[in-house]
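S.K.: I'd like to ask some things about the structure below.
The values are calculated or read from the model by the stated rules, or taken from the named source; none is laboratory data. What you see is a predicted model, and the numbers here were worked out from it, not measured in a lab. We place every Cβ from the backbone using ideal geometry, glycine too, and count neighbours over all the protein chains shown.
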Amino acid sequence: MVNTIMSRPLCNYCKQRPAAINYKKGNKTYYRKQCETCMHNGKGHGVPNWYKAGYRQKDSCDKCGFKGEQVQFNVYHINGNLNDCHFSNLKTVCANCQRTMQRVGSRWKQGDLVPDF
């Protein structure tokens with residue numbers, strides 16, 4: 001039996017740190033293309049698509065008219081497609097309307113981050 005040492009590939013972006021582990025299947029390890037640092041400090045990380053498109057969260061609910069602080073509101077996609085960031089598809093909704101819509105079964109979906117895997 002020959003001992004072979006398998007080292008992690010380097011990050012494709014910075015070429016300095018080892019690539020992050022994506023998952024393991026059996027005895028084989030699959031790696032991502034970037035290291036953890038580059039993945040989390042990369043361009044646009046943590047910025048929702050609706051924000052990149054220029055939409056800004058309002059300080060009032062588009063559904064009931066409640067006024068408050070921005071932390072009390074979420075951005076919703078009317079058609080349910082989180083990649084459709086046209087302003088006509090985006091609405092700012094308060095937490096109360098959010099709960100009501102979830103109970104009723106609205107097609108609107110909260111505009112939030114999508115995992116990168």
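S.K.: Do you know which of the residues in segment 87-117 that are more than 16 Å from residue 57 (Cβ to Cβ) and in a loop (DSSP other than H, G, I, E, B) is modelled with the highest pLDDT?
M.R.: If we take residues in segment 87-117 being more than 16 Å from residue 57 (Cβ to Cβ) and in a loop (DSSP other than H, G, I, E, B), then 105 is modelled with the highest pLDDT.
S.K.: While we're looking at this one, here's another question. Taking residue 15, is it in a loop (DSSP other than H, G, I, E, B) and at pLDDT below 80?
M.R.: Working: in a loop (DSSP other than H, G, I, E, B): yes; at pLDDT below 80: yes.
Here the answer is yes, as residue 15 does meet what is asked.
S.K.: Check off (1) in a helix (DSSP H, G or I); (2) surrounded by 11 or more Cβ atoms within 10 Å (Cβ to Cβ) for residue 71 and give me the number that stays unchecked.
M.R.: Tallying (1) in a helix (DSSP H, G or I); (2) surrounded by 11 or more Cβ atoms within 10 Å (Cβ to Cβ), residue 71 fails exactly one: (2).
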